[in-house]
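A.B. asks: Quick one: structure below, then a few questions.
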Amino acid sequence: MDIRHHPEDDLLLALSAGSLETGTRLVLSSHLELCAHCRERLRTLDALGGALLEDALPAPLADAALDRVFARIDALEAAAPRPIKVSAPPPLPEGARWPRALARCTATPWRWIGPGMSWSRVSVPAAPDANVFLLRIAAGKYLPQHTHRGLELTQVLHGRFHDGRALFGPGDFDAADDGIHHQPVVQEGSECICLASLDGRLRFDSPIARLFGSLVGM
Ligand SMILES: [Zn+2]
């Protein structure tokens, strides 16, 4: 697989530090499954973080700090959601496969959102509020022009799109924030299927697209 677009180091560092929101982590993990280059980069950053921690000056702990940590762990375990039934995600075209990161998630069947466009809501058992979805867009079609109120991560599972900045193909990763104003156009020859997470909402230029976006939670 010829992967050309990778996550920046700040995202990999945040993953290493465990500080990423669930949806973001899921899309990033889907990229790492396919990308040996980023797995190696993550190992280097992990090692760097470990070395920095070892060099840090020791600080005295407050009395009963350990008791408080164990109390928090107990509270987390008590609040852990029960495993939910795993349902098969919607079918993919031949040659494409679902990321292992989605294994415990559920996905709705494809839902029509416009000519040549459908989407599927992905539910993450441990994070019901995570805004994760699949987009399936036919060859030659495009997502309406939009910018973002937060971070939009995209992992291409199948097909190719060009958003005016670059061409993205299978395995490619993209992160777009409020500084990016784009219109992903699917290339001729094949439909495009992407896994995406939104930390915030999309801001579509056209009123109709805004209405559609608010209906489906984009
Ligand atoms: Zn990569």
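The values are calculated or read from the model by the stated rules, or taken from the named source; none is laboratory data. Predicted model, so just to flag it, every value in this text is computed and none were measured. All Cβ positions, even for glycine, are placed from backbone atoms using ideal geometry, and neighbour counts span all protein chains on display. Remember, those area values only see protein heavy atoms, side chains included, never the ligands or the DNA or RNA. Shrake-Rupley method; radii C 1.70, N 1.55, O 1.52, S 1.80 Å.
A.B. asks: Whole-Hz ³J(HN,Hα) for each residue in the stretch 177-191, computed from phi via Karplus 6.51 cos²θ - 1.76 cosθ + 1.60 with θ = phi - 60°, x for glycine and proline: what do you get?
C.D. replies: 10, 5, x, 10, 10, 9, 9, x, 10, 6, 6, 5, x, 7, 5
A.B. asks: Within the stretch 143-175, find all residues whose amide N lies under 18 Å from a label point positioned 7 Å from the Cα of LEU13 along Cα-to-beta-carbon.
C.D. replies: Residues 175 qualify, since their backbone N sits under 18 Å from the label point.
A.B. asks: Same structure, new question: Heavy atoms of the protein only, probe of 1.4 Å, neighbouring chains included. What is the accessible area of HIS31 in Å², nearest 10?
C.D. replies: Accessible surface of HIS31 is approximately 0 Å².
A.B. asks: Under a Cβ-Cβ cut-off of 15 Å, what is the net charge of the residues other than LEU15 that fall near it, where Lys and Arg count +1 and Asp and Glu count -1? Intermediate values should be presented prior to the final figure.
C.D. replies: Values: positive: ARG25, ARG39, ARG41, ARG43; negative: GLU8, ASP9, ASP10, GLU21, GLU33, GLU40, ASP46, ASP199.
Spelling it out: positives minus negatives among the neighbours equals -4.
A.B. asks: Ok, one more. Where does the charge balance sit around LEU167 when Lys and Arg score +1, Asp and Glu -1, over other residues with C-beta under 13 Å from its C-beta?
C.D. replies: Around LEU167, the surrounding residues sum to -2.
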